[in-house]
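Student: Dropping the structure in here first, questions after.
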Amino acid sequence: MSYDNPTKQRYCAAWLCPEEFWDTRTFTLLQQSATGNSAQMLPEFKRALLDDPGSAYAWANLAEVERDAQHLNEAKYCFQRALVAGPSNPAILFRAANFAFQTGDNAETLRDLSVVLKNPELSSYYQPAFLTYSRLGAPIQELLDKGVPPIATAAEPFLQYWMGDKKLPEAEATWNWMVQHSLTNEKSEGDYVSFLLASNQVTEASEEWRRANPKTAAYYQVLNWVFNGSFEMEPKPGPFDWHIETTPDVEATRVQDVSRDGQWSVKLTFGGLTNVDYHGVYQDTVVQPGQWHVSGFLKLDGITTDQGISIRVYDPAHPNVLDARTDAKTGTLPWTQVDHAFAIGPETKLVRIEIMRGTSRKIDSKIAGKAWIDSVDLSPIQ
């Protein structure tokens, strides 16, 4: 496959080699054309086209040399022929789109690249396509309506592109477009809400979460500011539902065999090997200043050491401003309510509710035993 072989050079110079051997010679000639030698290169590429007039690559090569020679009408015609010969070839589509981009033809650029985005097998080409879109200077709605096919496999990466680039208006427009076309799912919902929070759009993130979960609208942030407080639903990805994490020496699981309310609870099993500092069950919620009350039910089986299980509410951005906890419980207990009243100041917009066990300072500090948590509630005191 090496072009350095003299025999291959002779055959390629006469355009007699198989198409896979053209690459090095073609690249060299196209470079020469781009650096001001297009007039000398045109006969070479016209001859190559005559030898294989059905080749999309031959048409595209000639198109680029015609462009270098400032023969833009001829170049456009050649690209049209290349697209007829290779209508779904991503290399041809990108070359045609680049020409359209260079000549200011936004509609053709979007048309060519949208064909690439229709094929999930070409996902490796999506980022270059989105980069081209971002450089077009076209309104985001035009990009969505003409450049992105209304399918989830294209829409989700497009949303991720804008979120990764921290472009809030573009991400917001893309998300609204996805909602209109029913292209959202739990993962994209969680990712978008997390992006809004990271962009300091706290209220908007909360409103979006409520819109996406209409079945909870009767109680969530009306009666209880904890989403899925009884763990009856499988947690959804996103900051406003439970994150349940197993860590070294602590197994955390959602279980159905023991519950105080409904059928489910969360179970923590401590292995008794370390003085663990555990904060692995948590969620965030948006709040207003005022007096608040947090409560929940614990069931314990042989929880050792002086540091037990409690429910904590704190401001993750300003923990020195708000850090409220229920009393830590140890030993063996039937379902027992724990609660705590506290104030939220004007600095706090978002709080985290977590199930925790803090480290012990005593010699007998390696916690063992089991704990179940259910019916977690956070609500304002009227």
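Student: I need the full set of residues from the range 82-114 which are of a type in the set (A, V, I, L, M) and either crowded, with 20+ Cβ neighbours inside 10 Å or in contact (Cβ under 8 Å) with a residue 40 or more places away in the chain (or both), in order please.
Tutor: Scanning the range 82-114 gives A82, L83, I92, L93, A96, A97, A100, L110, L113.
Student: The conditions are (1) surrounded by fewer than 17 Cβ atoms within 10 Å (Cβ to Cβ); (2) within 19 Å of R357 (Cα to Cα), and Y282 fails exactly one of them. Which is it?
Tutor: If we test Y282 against (1) surrounded by fewer than 17 Cβ atoms within 10 Å (Cβ to Cβ); (2) within 19 Å of R357 (Cα to Cα), just (1) comes out false.
Student: Another question about this same structure. Can you name the condition, by its number, that F270 falls short on among (1) under 29 Å from the mean Cα position of the chain (by Cα); (2) buried (at least 18 other Cβ atoms within 10 Å of the Cβ); (3) modelled with pLDDT of 95 or more?
Tutor: (1)
Student: Somewhere in the range 249-258, is a residue farther than 25 Å from W292 by Cα, outside any strand (DSSP E or B) and either touching a residue at least 12 places away in the same chain (Cβ under 8 Å) or not assigned by TED's automatic domain parsing to the domain that holds L350 (or both)?
Tutor: The answer is yes, given that some residue of the range 249-258 is farther than 25 Å from W292 by Cα, outside any strand (DSSP E or B) and either touching a residue at least 12 places away in the same chain (Cβ under 8 Å) or not assigned by TED's automatic domain parsing to the domain that holds L350 (or both).
Student: Let me ask you something else. If you check P334, P346, P319, which single one turns out to be out of contact with any strand residue (DSSP E or B) (no Cβ under 6 Å at 6 or more places or on another chain) and part of a strand (DSSP E or B)?
Tutor: P334
Student: Which residue pairs have Cβ atoms closer than 7 Å, lie 6 or more positions apart in sequence or on different chains, and pair a first residue in the range 160-174 that is buried (at least 21 other Cβ atoms within 10 Å of the Cβ) with a second residue that is of a type in the set (S, T, Y)?
Tutor: Between residues of the range 160-174 that are buried (at least 21 other Cβ atoms within 10 Å of the Cβ) and residues that are of a type in the set (S, T, Y), the close pairs are W162/T174.
Student: Does any residue of the range 350-359 turn out to be in contact with an Asp or Glu (Cβ under 9 Å, 6 or more places away or on another chain) and assigned to a loop (DSSP other than H, G, I, E, B)?
Tutor: Among the residues of the range 350-359, at least one is in contact with an Asp or Glu (Cβ under 9 Å, 6 or more places away or on another chain) and assigned to a loop (DSSP other than H, G, I, E, B), which makes the answer yes.
Student: Being surrounded by 18 or more Cβ atoms within 10 Å (Cβ to Cβ), hydrophobic (A, V, I, L, M, F, W, C) and not assigned by TED's automatic domain parsing to the domain that holds S199, is that true of even one residue in the range 358-365?
Tutor: There is no residue in the range 358-365 that is surrounded by 18 or more Cβ atoms within 10 Å (Cβ to Cβ), hydrophobic (A, V, I, L, M, F, W, C) and not assigned by TED's automatic domain parsing to the domain that holds S199.
Student: Looking only at helices (runs of 4 or more DSSP H) that lie completely in the range 1-72, which have at least 2 residues being at pLDDT 90 or above and either under 16 Å from G86 (Cβ atoms) or assigned by TED's automatic domain parsing to the domain that holds P87 (or both)?
Tutor: 38-51, 56-68
The values are calculated or read from the model by the stated rules, or taken from the named source; none is laboratory data. None of these values were measured; they are calculated from a predicted model. Using ideal geometry, Cβ is built from the backbone for each residue, glycine included, and neighbour counts are taken over all protein chains shown.
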